[in-house]
1. Return the total of residues in region 121-144 being among the acidic types (Asp, Glu), open to solvent by 60 Å² or more (accessible area, probe 1.4 Å) and not in a helix (DSSP H, G or I).
2. Identify all residues within region 191-231 that are open to solvent by 60 Å² or more (accessible area, probe 1.4 Å), assigned to a helix (DSSP H, G or I) and not basic (Lys, Arg); write none if there are none.
3. Looking only at region 8-27, which residues are touching a residue at least 40 places away in the same chain (Cβ under 8 Å), out of contact with any Phe, Trp or Tyr (no Cβ under 6 Å at 6 or more places or on another chain) and open to solvent by 10 Å² or more (accessible area, probe 1.4 Å)?
4. If you scan region 197-250, which residues turn out to be hydrophobic (A, V, I, L, M, F, W, C), in contact with an Asp or Glu (Cβ under 9 Å, 6 or more places away or on another chain) and under 28 Å from ASP167 (Cβ atoms)?
5. Can you tell me which residue in region 65-83 is modelled with the lowest pLDDT, limited to those that are in contact with a Lys or Arg (Cβ under 8 Å, 6 or more places away or on another chain) and more than 14 Å from VAL108 (Cβ to Cβ)?
6. Out of the residues in region 150-161 that are under 13 Å from GLY102 (Cβ atoms) and touching a residue at least 60 places away in the same chain (Cβ under 8 Å), which is surrounded by the most Cβ atoms within 10 Å (Cβ to Cβ)?
7. Considering only residues that are under 17 Å from ARG104 (Cα atoms) and of a type in the set (Asp, Glu), which ones fall in region 10-64?
8. Within region 233-244, is there a residue that is at pLDDT 95 or above, among the basic types (Lys, Arg) and within 14 Å of ARG189 (Cα to Cα)?
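The values are calculated or read from the model by the stated rules, or taken from the named source; none is laboratory data. These figures come from a predicted structure and were not determined experimentally. Cβ atoms come from the backbone with ideal geometry, glycine included; neighbour counts cover every protein chain shown. Note: accessible area is taken over every heavy atom of the protein model, side chains too, but ligands, DNA and RNA are not part of it. Shrake-Rupley method; radii C 1.70, N 1.55, O 1.52, S 1.80 Å.
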Amino acid sequence: MKITIDGDWTATVAGEPLAVAPRFDFRDFRVYIGSYTDVEERSQFQLDTFGSTEWLWDTPDELRFDRESRQLVGAEFRLPNDAVDAEDSLCVPVTPAVRPGGLRADEVRDFRMATTTELCRAPGDTVLTCLRDLDVLDEPLDARIGIAPAVALLVQHGTVVGWSLTDPVCYLTSGFTASDPSPPAPATRSLFTQCLDLATTSFDELRERNQAALTRLRSLDDALRNQPDDRHRADALHRLIAQLVEDYAG
């Protein structure tokens, strides 16, 4: 299968998917998939590979390929800041099923992979789906290509129109730190949904200093500070919540 990104840039679904688990940095709303563990290693990784990458003030999503084999070796995605209505989220197609696969660039050439604009949340936030636009929901998908554990590219009419992260709470972390391989605590799942609510659908209420939203924010701050277990994920959530407290409830 051949897919298109950025007009005339194409890749072929071939080889094995990436084996490294994604890292969901909640504070920055970014998902990292790569072998690098800090800023320096990331910079070297980008120099050694080609594909879509940030440049000056431009921050597209990233797919990075090995210069020799042209195989996909890493990716970074940014989540949209605003979540769509629940009714639209329920319209996200559940078929076809994800099929694992790698990507091989058809040529060694850089391109630009635009960030998505629509965040769709499945019930319970079991899947986060990020789409190019809501028009994608009007027609079925051609394929879901599982390029890494829990991460899939969505293809429609041969073009990549979005991506998804399954069970995102599992991969919560800070910066480039590896995500905790143990299962999330039930309390963390609930707190994750509450944090995502405040960071997306209720964010305008926070900026307007709505008292009910500020009360929820302070309650979340307290709950995350005092959660006795699953500290790695709780700390990852708290980095953003603490910043919101400082900005709007300090």
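1. If we filter region 121-144 for residues that are among the acidic types (Asp, Glu), which is where we start, we get 125, 133, 135, 138-139, 142.
With the extra rule that they be open to solvent by 60 Å² or more (accessible area, probe 1.4 Å), the set shrinks to 135, 138-139, 142.
Within this subset, residues satisfying the condition of being not in a helix (DSSP H, G or I) are 139, 142.
The total comes to 2.
2. Passing the criteria: GLN194, ASP204, GLU205, GLN211, THR215, SER219, ASP222, ASN226.
3. Selection gives THR10, THR12, VAL13, ALA14, GLY15, GLU16, PRO17, LEU18, ALA19, VAL20, ALA21, ARG27.
4. LEU198, PHE203, LEU206, ALA213, LEU224, ALA236, LEU240, ILE241, ALA242, LEU244, VAL245
5. The qualifying residue modelled with the lowest pLDDT is ALA83.
6. Step one: list which residues in region 150-161 are under 13 Å from GLY102 (Cβ atoms), which gives 151-153.
With the extra rule that they be touching a residue at least 60 places away in the same chain (Cβ under 8 Å), the set shrinks to 151, 153.
Details: VAL151: 22, LEU153: 26.
Checked region 150-161; the qualifying residue surrounded by the most Cβ atoms within 10 Å (Cβ to Cβ) is LEU153.
7. GLU16, ASP48, GLU62
8. Yes, some residue in region 233-244 is at pLDDT 95 or above, among the basic types (Lys, Arg) and within 14 Å of ARG189 (Cα to Cα).
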